[in-house]
Amino acid sequence: MSLRHRRITLAIAVAATILLAQVGINIWQHLGKARYFAWAPNDYLVTYDLRVNAKGRPLTPAEIQSRYRLDLSDRIGELSDARKATLGLSTDEHYVFEDPPQELEDRIRRCEETRGKKDGARVRLVYQLDGGKEQTWLWPS
């Protein structure tokens, strides 16, 4: 076998491995429990309010941000109530998350399954997906 033929064969093997890994990851994500991975542009807009009580007291936004590794600087609180109504947003919601709400719930759940057991945390997440119906998610469920 010539050196050139070996290089082409190696390149094909590497490309095939990368392609198979991508297909495998895609199948795993779409058939698995967490289905928020996608290869399409992200078009989710979740507005939410998150309240957490731990160790018998409400956590501050800074503590919530640190606990769940969320960026709470992206706020809709600066919008007027009239503008929120025009957009179909709840006037009680304060933050923006640009991924599916299931990902936000999973992030909180993963944290609370470990840390929450130690400090008796109670979580109330009220959210809207794309200005739709307001939904509430509680931990523990």
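Quick notes on this one:
- The condition of being in a helix (DSSP H, G or I), at pLDDT below 70 and out of contact with any His (no Cβ under 7 Å at 6 or more places or on another chain) holds for Gln29.
- Selection of segment 33-63 for residues being in contact with a Pro (Cβ under 9 Å, 6 or more places away or on another chain), at pLDDT below 85 and closer than 18 Å to Arg110 by Cα yields Arg35, Tyr36.
- Scanning segment 114-132 for residues that are surrounded by fewer than 17 Cβ atoms within 10 Å (Cβ to Cβ) and at pLDDT below 90 yields Thr114, Arg115, Lys117, Lys118, Asp119, Gly120, Asp130, Gly131, Gly132.
- Selection status of Leu87, modelled with pLDDT under 85 and on the phi < 0 side of the Ramachandran plot: yes
- The single condition among (1) under 19 Å from Ile108 (Cβ atoms); (2) more than 15 Å from the chain's Cα centre (by Cα); (3) at pLDDT 70 or above; (4) of a type outside the set (A, V, I, L, M, F, W, C) that Gln22 does not meet is (1).
- Total residues in segment 101-128, condition in contact (Cβ under 8 Å) with a residue 60 or more places away in the chain and either part of a strand (DSSP E or B) or β-branched (Val, Ile, Thr) (or both): 7
The values are calculated or read from the model by the stated rules, or taken from the named source; none is laboratory data. Predicted, not measured: the structure shown is a model, and the values here were computed from it. Cβ sites come from the backbone with ideal geometry, for glycine too, and all protein chains shown count toward neighbours.
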